[in-house]
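Structure first, then comments.
The values are calculated or read from the model by the stated rules, or taken from the named source; none is laboratory data. Here the structure is a predicted model, which is why all the values come from computation and not from measurement. Virtual Cβ from ideal backbone geometry, glycine too; neighbours counted across all protein chains shown. These accessible areas exclude ligands, DNA and RNA; they are computed on the full protein's heavy atoms, side chains included. Shrake-Rupley method; radii C 1.70, N 1.55, O 1.52, S 1.80 Å.
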Amino acid sequence: MPGRASWPTPRETAQGGVMRLSRYFLPVLKETPAEAQIVSHRLMLRAGMIRQQAAGIYSWLPLGYKVLRRIEAIVHEEQERAGHIPLLMPTLQPADLWRESGRYDDYGEEMLRITDRHKRDLLYGPTNEEMITDIFRAHVGSYKDLPLTLYHIQWKFRDEIRPRFGVMRGREFLMKDGYNFDVDRDAAVHAYNRHMVSYLRTYERMGLQAIPMRADTGPIGGDLSHEFLVLADTGESEVFYDSAITDLAFGERAVDFHDPQACADVVAEWTAPYARTDETHDAAVFAEVPEARRRTRRGIEVGQIFNFGTKYSEPMGATVSNAQGKQVPVHMGSHGIGVSRLVGAIIEASHDEAGIIWPEGVTPFHCGIVNIKSGDSETDGACERIYAALRAKGLDPLYDDREERAGAKFATMDLIGLPWRITVGPRGLKVGTVELTSRRTGESEEVSPEAAIDRIAAIYSGR
RNA sequence: CGGAGUGUAGCUCAGCCUGGUAGAGCACUGUCUUCGGGAGGCAGGGGCCGCAGGUUCGAAUCCUGCCACUCCGACCA
């Protein structure tokens, strides 16, 4: 076979065997289930990512679960980069903690209340301010232990009156929520700024532009808050912004998260242009933006940061000794990223008529390998070698080895949205080439197998 | 929670008005022909028709109640 001598040597990797589509669990649907109204929900069902189990409650099937885990991994990496410390709190919480803060009665019907066999009141946590404060007050007593930011990624439950839009507004949802503890307001504001910088990085890695917009503090309380919104026509909030903000990009800049001024500078840059949701929109201020740069669109909220000072620490007695030996309530803030919601938001922001288009940062598989003629020893062998070479480079490809026609395989690949596709057929192999296709642009080029492998490895290097 | 709908095969739906042996397409199994953008033929498998009562000789179909889900609204990471 021409070109074979130069192909990479097949090798098993520590990550396991070949992920053949014929042996995978990917229940794709040709038709759209009737209940799905918005594009991300339809595509998640059609691509076999989720299955609804009850209103607003979903199972995450293998493909969806992979994306969820990739998003989760990015959030963890960026949190730890900012110096935040992961832990894990339970989904069920004792009601007494919430009685202490006064929110047990305030929270209303959205809180799912549960009684155990001993008739003790529990709740499925919609958030964790009370519990983290309890942990803090039990173990931290000195300003010397500050600053401290703890976070976790855990399932939450809010008993929405009317769940809709698939995972974008489910009742059960996966969320990263973090809590900063600082000795005074200045330190807490730095924590706030640090979170904004960290979030900008986080969303960019997911291929999203999430715009920080001044927000109401709502039931969390406090004096300072921004929401991060992804622009999409199906967004639930109307947003108003100066187009200057969408020209900003965090890029590769290295910000020292421990440097208050460096973080404040970034925040100043991103909060200078007008950007507000309908909750905080001020038409008079917006009118000062040059008309050509005024934009009104819709957005999906994918995160929010709050500084709320001593709202929880005071009633719950979370204090530390300051440098003067005096007991002072700790200053706190909380910060959330809607991890499961992001899966839907990314699809809303990145799809076409044929299906999903995953950004490289979150794609469930790095690329697809389509065998045009399964059962043919030449194409089978070439696909296996390409697969092994990609795995040897630390990549995670999906190999479509099914006994299907080419059109069906292409349609499946387009639907599930892998950003790159290597098509291997007898026609190309005769002249030593495969086809490398970009899902986003649809552009294809005929290249040697090793060139295709190198290109894909280069695209993902550093991610 | 107010208003409006829908529950029949894994998915999309017909059948219900006018009661009489449960259907189609896709998907699935076998087989033949195909084979670079969701192919075609032949032969198959698969349903407590959402649940419970009622009316009737007979109920997917008519009546009552309940449950679930969806949409619009108010609410919302």
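Here is a list: A:Phe286, A:Phe306. Which entry is surrounded by fewer than 21 Cβ atoms within 10 Å (Cβ to Cβ), within 30 Å of A:Ser350 (Cβ to Cβ) and touching a residue at least 40 places away in the same chain (Cβ under 8 Å)? It would help to see each step written out before you state the result.
Values: A:Phe306 fails: surrounded by fewer than 21 Cβ atoms within 10 Å (Cβ to Cβ).
From the options A:Phe286, A:Phe306, the qualifying one is A:Phe286.
Identify, from the list A:Ser350, A:Ser340, A:Ser334, the residue that is more than 16 Å from RNA strand B (Cβ to nearest atom), crowded, with 20+ Cβ neighbours inside 10 Å and on the phi < 0 side of the Ramachandran plot.
Matching residue, one of A:Ser350, A:Ser340, A:Ser334: A:Ser350.
Can you work out which of the residues in segment A:52-84 that are hydroxyl-bearing (Ser, Thr, Tyr) and either modelled with pLDDT under 95 or open to solvent by less than 40 Å² (accessible area, probe 1.4 Å) (or both) is nearest to A:Gly338 (Cα to Cα)?
Of the residues in segment A:52-84, the ones hydroxyl-bearing (Ser, Thr, Tyr) are A:58-59, A:65.
Cutting the leftovers down to either modelled with pLDDT under 95 or open to solvent by less than 40 Å² (accessible area, probe 1.4 Å) (or both) gives us A:58-59.
Details: A:Tyr58: 15, A:Ser59: 17 Å.
If we take residues in segment A:52-84 being hydroxyl-bearing (Ser, Thr, Tyr) and either modelled with pLDDT under 95 or open to solvent by less than 40 Å² (accessible area, probe 1.4 Å) (or both), then A:Tyr58 is nearest to A:Gly338 (Cα to Cα).
How many residues does segment A:218-251 hold that are assigned to a loop (DSSP other than H, G, I, E, B) and out of contact with any Leu (no Cβ under 8 Å at 6 or more places or on another chain)? Walk me through it before giving the result.
Residues of segment A:218-251 assigned to a loop (DSSP other than H, G, I, E, B): A:221-223, A:232-236, A:248-251.
Narrowing the set further to residues that are out of contact with any Leu (no Cβ under 8 Å at 6 or more places or on another chain) leaves A:221-223, A:232-234, A:236, A:248-249, A:251.
Residues that pass the stated criteria total 10.
Residue-wise test of (1) of a type outside the set (Val, Ile, Thr); (2) out of contact with any helix residue (DSSP H, G or I) (no Cβ under 6 Å at 6 or more places or on another chain).
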| site | (1), (2) |
| --- | --- |
| A:Glu269 | yes, yes |
| A:Val330 | no, no |
| A:Leu342 | yes, no |
| A:Ile346 | no, yes |
| A:Phe365 | yes, yes |
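When A:Gly218 is evaluated against the numbered criteria (1) touching a strand residue (DSSP E or B) at 6+ places or on another chain (Cβ under 6 Å); (2) open to solvent by less than 70 Å² (accessible area, probe 1.4 Å); (3) not β-branched (Val, Ile, Thr), which criterion, by number, is the only one it fails?
Tallying (1) touching a strand residue (DSSP E or B) at 6+ places or on another chain (Cβ under 6 Å); (2) open to solvent by less than 70 Å² (accessible area, probe 1.4 Å); (3) not β-branched (Val, Ile, Thr), A:Gly218 fails exactly one: (1).
Evaluate segment A:61-70: report whether one residue or more is closer than 19 Å to A:Phe173 by Cα, over 12 Å from the mean Cα position of the chain (by Cα) and in a loop (DSSP other than H, G, I, E, B).
Yes - at least one qualifying residue is present in segment A:61-70.
Restricting to segment A:421-450, what's the tally of residues that are open to solvent by less than 40 Å² (accessible area, probe 1.4 Å) and touching a Leu at 6+ places or on another chain (Cβ under 7 Å)?
Of the residues in that region, 3 qualify.
Check whether at least one residue in segment A:393-403 is in contact with a Ser or Thr (Cβ under 6 Å, 6 or more places away or on another chain) and more than 10 Å from RNA strand B (Cβ to nearest atom), and report yes or no.
The answer is yes; a qualifying residue exists.
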